[in-house]
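The structure follows.
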Amino acid sequence: MTEPLRPGEPPPPRDTGERARAQRERILRAAKRCFVEHGFHAASMADIAKTAEMSAGLIYRYFDSKDAIVRAIVDRQIEEARGLLDAIGSAEDLVAAILDHFERWSRPQDEEMNAALFLEMAAEATRDPRVAEVTRTADRLVRARLQEALRRSVRAEGGELDEASAERRVLALQCVIEGLLVRAVRQPDLDRATLRACLEETLAGLIGP
């Protein structure tokens with residue numbers, strides 16, 4: 001087993017190829033579990049190494065620091081969040097799409113967007129300028145995609161949105177979706193029939209003409 005680095009010792013050369021990708025995935029899965037359980041700052045490299053069942057020294061072969069792991073996790077979660085919200089924005093049935101994603105957020109899998117980690121990332125964005133910039137860039141892209149979806153929905157009802165109305169409705173829709181991420185953490189057993197009725201009432205004013 002590779003020994004941990006001594007203070008001031010540079011990390012060993014990184015592996016390349018399929019084995020390296022597999023090892024990085026193993027580390028990131030372990031880090032994700034640790035960050036969900038302890039938070040970005042409280043989780044230590046020792047925690048990540050123990051969860052990954054490898055030495056801290058071996059982890060340094062693939063990531064220079066815990067910050068590098070945090071940023072890799074943030075990049076991945078932002079990409080997954082953008083993909084999920086993109087799917088919501090392109091769905092024929094907006095309520096059904098949001099309900100489907102609430103189910104996934106309430107019962108997260110290791111490979112999927114995690115609601116608790118999303119909230120941890122929001123907090124990290126207040127401390128790390130790079131994380132803040134990544135999240136803002138993703139937010140702008142998601143907002144543009146949702147605006148396109150809302151305009152399509154309104155046109156289908158025979159209406160048309162001006163720029164100011166579209167911005168207001170997208171903001172409201174984002175607040176609904178991001179609020180459901182919080183609900184998924186605090187109330188994962190929320191009655192789905194109640195949630196569906198709530199979404200139908202709330203979204204009626206957003207997707208109507």
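The values are calculated or read from the model by the stated rules, or taken from the named source; none is laboratory data. Computed from a predicted structure; not experimentally measured. Cβ sites come from the backbone with ideal geometry, for glycine too, and all protein chains shown count toward neighbours.
I'm told Arg29 meets every condition in (1) buried (at least 20 other Cβ atoms within 10 Å of the Cβ); (2) in contact with an Asp or Glu (Cβ under 6 Å, 6 or more places away or on another chain) except one. Can you identify the failing condition by its number?
Single failed check for Arg29: (1).
For Ala164, which of the numbered conditions (1) part of a helix (DSSP H, G or I); (2) surrounded by 12 or more Cβ atoms within 10 Å (Cβ to Cβ) fails to hold?
Every listed condition holds for Ala164 apart from (2).
Kindly indicate which of Gly179, Gly159 is among the small types (Gly, Ala, Ser), part of a loop (DSSP other than H, G, I, E, B), without any contact (Cβ under 8 Å) to a residue 60 or more places away in the chain and on the phi < 0 side of the Ramachandran plot.
Gly159
Let's see how each residue does on (1) at pLDDT below 85; (2) touching a helix residue (DSSP H, G or I) at 6+ places or on another chain (Cβ under 9 Å):
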| residue | (1), (2) |
| --- | --- |
| Arg21 | no, no |
| Ile27 | no, yes |
| Asp47 | no, yes |
| Thr51 | no, yes |
| Tyr60 | no, yes |
| Phe63 | no, yes |
| Ala87 | yes, yes |
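Return yes or no: is Glu200 touching a residue at least 60 places away in the same chain (Cβ under 8 Å), surrounded by 11 or more Cβ atoms within 10 Å (Cβ to Cβ) and either aliphatic (A, V, I, L, M) or at negative phi (or both)?
yes
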